[in-house]
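Notes to accompany the following structure.
The values are calculated or read from the model by the stated rules, or taken from the named source; none is laboratory data. None of the values given here were measured: they were computed from a predicted structure. Note that we place each Cβ from the backbone using ideal geometry, even for glycine, and neighbour counts take in every protein chain shown. Keep in mind that these areas ignore ligands, DNA and RNA; they rest on the heavy atoms of the full protein, side chains included. Shrake-Rupley method; radii C 1.70, N 1.55, O 1.52, S 1.80 Å.
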Amino acid sequence: MDIGPLLALGERVGDKLAARGETLAVAESSGAGLISAALLARAGASAYYFGGAVLYTRRSRRLLTTLSSDDTAGMRSSSPPYAQLLARHQRDRFRATWGLAETGAAGPTGNTYGDPAGHSCIAVDGPVCLEQLLRTGQADRHANMLAFALAALKLLEQALDQAPPRP
């Protein structure tokens, strides 16, 4: 797995966040920490990266967030509304400019909700809110993890490019 392009994208996004004086908090599941790793590989990341969590299970969500069962009532993991909730939660909880969330099924099999391997929902919450449903069509766990992280950072970069400059 070549993570060079991921690290380069993380550095570019970090440069944009730093230049804008903006901050970020992350929640990821099937990205398995690759999103955060790419953002933190840039020297000076503490200027924009407030924190993140790998929310791989319900237990980790319960222990690493302040979300309650009521907050997620009627929602399932690996869905666009759930990803948007996580992005908004991280943004609010960390008092960051941006929240970024990813939730999916890396593989080699699908998840318990019936989504196939390679399924991921990504959301950005901030001055611009975006979401994306990604289906790679692959069962390769490592390739999917990398694809999810790349897609998440590309979506964040897109939101940054669409957002008006800070006053």
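Here are the numbers:
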| read-out | value |
| --- | --- |
| Cβ charges +1 (Lys, Arg) and -1 (Asp, Glu), total dipole of the chain, debye | 320 |
| Lys, Arg +1 and Asp, Glu -1 on Cβ, resulting dipole of segment 56-131 about Cα centre, debye, nearest 20 | 300 |
| Computed [θ] at 222 nm, helices only, for the chain once each DSSP H run of length n ≥ 4 contributes -39500 (n - 2.57) | -13000 deg cm²/dmol |
| Apportionment of accessible area to carbon and sulfur, the chain, percent (1.4 Å) | 53 |
| Segment 61-108: C-alpha gyration tensor shape, a/c 1.5 cut-off, then a/b vs b/c | oblate |
| Extended-chain gain in nm, criterion 0.36 nm per residue less alpha-carbon gap, L7 and A139 | 45.2 nm |
| Selected from M145, P81, G33, residue furthest toward positive end of dipole (segment 9-167; charges at beta carbon) | G33 |
| 14 Å beta-carbon shell around L155, net charge (K/R +1, D/E -1) | -3 |
| About the Cα centre, charge dipole magnitude for segment 107-167 (Lys/Arg +1, Asp/Glu -1 at Cβ), debye | 80 |
| Backbone N under 11 Å from the R76 label point (7 Å along Cα→Cβ), restricted to segment 83-121 | 111-116 |
| Simple label model, 7 Å out from Cα along Cβ direction - T66 to A18, nm | 3.0 |
| Net charge over other residues, Cβ less than 13 angstrom from the Cβ of T23 (K, R count +1; D, E count -1) | +3 |
| Computed over the chain: relative contact order in percent, which uses C-alpha pairs under 8 Å that are six or more apart | 24 |
| Value of Rg to Rh for segment 51-167 (Rh from inverse mean 1/r over Cα pairs, i.e. Kirkwood) | 0.97 |
